[in-house]
Structure formats: C-alpha cells, structure tokens
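**Student:** Have a look at this one.
No lab work stands behind these numbers, since they all come straight from the coordinates. Every value quoted in this text rests on a predicted model; they were computed, and no experiment measured them. Glycine gets a Cβ as well: all are built from the backbone with ideal geometry, and neighbour counts include every protein chain shown.
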Amino acid sequence: IWNTADGALTRSIRMNFLPYGLAFSPDGSRLLAGPWSPLSFGGTSCLYDVSKGTEIAKLAGHKSDTQLNGVIFNHGGQRIATVSLDGAARIWDGASGTLHGLLGQEVSGLKLANIGADERDAEMNGAFTPEDRFLATASVNGPIRIWDVGRASLVTTLAGHESLVEHLEFSPVDSNILLTASHDGTARLWDVDGALTTALSHEYRPTFAVFSPDNVHLLTGG
C-alpha cells in the first residue's frame, strides 16, 4: 500500500496465495483479496485490516473456483459477496468476515483451469444495486441471476445471451436497469424483472460496458 502524495510505501501485507483481485472497503479500513483459482492453485479469499496489516477472516467454503472479479464489497461496505463460477454466491459480514448466507446451490468442482480458452473468466464479476438490495451474478454455464440479498432468495433469471457474460453492472441512477456485456458480441440492458429493453451489437466481443455517471451514455470495450 503506497502513499499517493509521495509514492512512499506505507504497508506491506503478506498473503499466502496468489491474489488476483483487490478492493478497499468504502471507508478504506479493510482490504478484500480474491485468489487466482483456489481449487487449482490453493488459497482462499481473505479480509484484512489495513491499519494493522493483519488478516481479519478467511472467506472459506466455496466448492468451486470463485470468479476472478467475483469477490466484492457492497456499496455500503456492510456486506461482501464471493461469487463462484456457476453464479452461486456467499454473503459475508463486511467487518468481521462471518458468513451471513448462501445464494443458490453451488456446483462442486468447477475449475477455471478446466474451462475452454474462448469461455474463460477474464473479467466476470458480481454487481450490487446502488442501494445494495439486489446482487446480480453471471455464470460460465447458465443464465444471469438476480438475488434479493436480505431475503437470500432468487428474484429472476435473465436468459438470451448466446455466450459467456463477462461483465455486468447496475445503472448508478436506476436500480431497475442492469447492463450486461457478452462474448456473443452484444451489450444488453435489462429490467430487474427480467425484460430485455435494449440490445447493442458489436463487431467485436465486448468484455466490459459501463454507464456514464448521468446514465445517459454507455461505453463498451473489447
């Protein structure tokens, strides 16, 4: 961890695994680290205290590899989601790292290393709505799912993409709109109730898509 003013090193945190994704809690007090393919290379997602440089908790128990960008804080920092390759998720307390609940029935033994190169998870992620009520997850072998986090229940599934959905996010101003980007060459807008509202075709396969802060424009890239 570095000081942005002068580039000085402020703290080093030793991790006993290969970290792929790192994220600060919204208040900057905690650091979340997701591993590269825990079933193949070992390691478990971990929560750290930034000021002390110490581990708070291991977020253990997944039966399959977690998505490489599927280890996230919600916007308020009270909850953490860890999303497996099949789109099932575990919800953890954002301060203590204790398990709160399970979303879906996780498939055992899914490994990133066993997925074909054309369908490999490079940027798959989970996404909370701005008010943190819902969580959207993608899967390497199934539809997009939207979960009610508080009730630990499935709200709806979104089917229609013909290939891997690599990125998804909710509109920053309208929690009822979900944006998805897929290897099938389209980015799509959905209502939370499952209705497709817009499909944007590309000559390349988009690996990310983002809303502008005012929700007027979309930016996609491959």
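**Student:** Given a Förster radius of 25 Å and the C-beta distance between HIS75 and ARG11 as r, what FRET efficiency does 1/(1 + (r/R0)^6) yield to the nearest 0.05? Let's see the in-between values first.
**Tutor:** On the way: r = 25 Å, r/R0 = 1.00.
Efficiency computed from Cβ-Cβ geometry: 0.50.
**Student:** Determine the sum of side-chain charges near TRP190: Lys and Arg each +1, Asp and Glu each -1, restricted to other residues whose C-beta is under 14 angstrom from that of TRP190.
**Tutor:** -2
**Student:** Please compute the net charge surrounding SER84, taking Lys and Arg as +1 and Asp and Glu as -1 over other residues with Cβ under 9 Å from its Cβ.
**Tutor:** Summing Lys/Arg as +1 and Asp/Glu as -1 gives -1.
**Student:** Note down the net charge around ALA95, summing +1 for each Lys or Arg and -1 for each Asp or Glu among other residues with Cβ under 12 Å from its Cβ.
**Tutor:** Local net charge: -1.
**Student:** Still on this model: Determine, from the Cβ-Cβ distance of LEU102 and THR54 and an R0 of 35 Å, the FRET efficiency 1/(1 + (r/R0)^6), rounded to the nearest 0.05.
**Tutor:** Step by step, r from the Cβ atoms, then E = 0.80.
**Student:** Now for a separate question. Tell me whether region 64-179 comes out rounded, prolate or oblate; compute the Cα gyration tensor, take square roots of the eigenvalues as a ≥ b ≥ c, and use a/c under 1.5 as the rounded threshold.
**Tutor:** oblate
**Student:** Moving to a separate point now. Work the Kirkwood hydrodynamic radius out for region 1-123: mean of 1/r over every pair of different alpha-carbon atoms, inverted, in Å. Intermediate results must be reported in sequence, preceding the final value.
**Tutor:** On the way: mean 1/r = 0.0670 Å⁻¹.
By the Kirkwood definition, the hydrodynamic radius is 14.9 Å.
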